[in-house]
Amino acid sequence: MLKTELTADVTRLREDEVGIRLASVMAGTDFSSVAYEQRIQRLSEKMGVPYFPCRLPESADETQMLDVIHKLNDDARISGILVFRPLPARIDESTIFCAIVPCRIIRRTPEVSS
């Protein structure tokens, strides 16, 4: 049902000539996050939505993640930013989510136990 609704929304936006491009940001290789990212990528491909995953190493710090967020915020081609959780403990989640331009934040991904 959700997939049908999303497909219809994407079709309507294309008819209105609105470009849709999704970016995601992940730090590390949490199994659940990687699996979720792969599902997002497959769904994006099926719907014809360009997808730009940004993966940072587990050792990434808050400044590095903020640099990626700011670059995505400044990229006019990107219409939505998805941040995968969990973030490394040294990165403040609220700082990261507050750094995303409000019209581009998709939602916080749920923390899923591996």
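Details
- Qualifying positions in the stretch 84-100 - in a loop (DSSP other than H, G, I, E, B) and either of a type in the set (F, W, Y) or without any contact (Cβ under 8 Å) to a residue 60 or more places away in the chain (or both): F84, R85, P86, A89, R90, D92, I100
- If the condition is being under 18 Å from V68 (Cβ atoms) and at pLDDT 90 or above, then the stretch 1-35 contributes L22, A23, S24, V25, M26, A27, G28, T29, D30, S33, V34.
- Residue that is surrounded by the most Cβ atoms within 10 Å (Cβ to Cβ), among those in the stretch 71-95 that are among the aliphatic types (A, V, I, L, M) and farther than 26 Å from T7 by Cβ: L87
- Qualifying residue in the stretch 101-109 (condition: touching a strand residue (DSSP E or B) at 6+ places or on another chain (Cβ under 7 Å), modelled with pLDDT of 90 or more and part of a loop (DSSP other than H, G, I, E, B)): no
- Leading residue by the ranking (surrounded by the most Cβ atoms within 10 Å (Cβ to Cβ)) among those in the stretch 50-70 that are part of a helix (DSSP H, G or I) and of a type in the set (D, E, K, R): E62
- Subset of the stretch 22-49 that is part of a loop (DSSP other than H, G, I, E, B), out of contact with any strand residue (DSSP E or B) (no Cβ under 7 Å at 6 or more places or on another chain) and not polar (S, T, N, Q) - its residue that is surrounded by the most Cβ atoms within 10 Å (Cβ to Cβ): D30
- Among the residues making up the stretch 7-21, those that are hydrophobic (A, V, I, L, M, F, W, C) and in a helix (DSSP H, G or I) are A8, V10, L13.
- Only residues that are over 12 Å from L22 (Cβ atoms) and touching a residue at least 40 places away in the same chain (Cβ under 8 Å) were counted in the stretch 47-65, giving 1.
Residue-by-condition table, conditions (1) closer than 19 Å to I100 by Cα; (2) in contact (Cβ under 8 Å) with a residue 24 or more places away in the chain:
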{"site": "A8", "(1), (2)": "no, no"}
{"site": "A23", "(1), (2)": "yes, yes"}
{"site": "R42", "(1), (2)": "no, no"}
{"site": "D67", "(1), (2)": "yes, no"}
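- Condition check for I81: in contact (Cβ under 8 Å) with a residue 12 or more places away in the chain, touching a strand residue (DSSP E or B) at 6+ places or on another chain (Cβ under 7 Å) and among the hydrophobic types (A, V, I, L, M, F, W, C): yes
The values are calculated or read from the model by the stated rules, or taken from the named source; none is laboratory data. What you see is a predicted model, and the numbers here were worked out from it, not measured in a lab. Because the Cβ atoms are built from the backbone with ideal geometry, glycine has one as well, and the counts that use them run over all protein chains shown.
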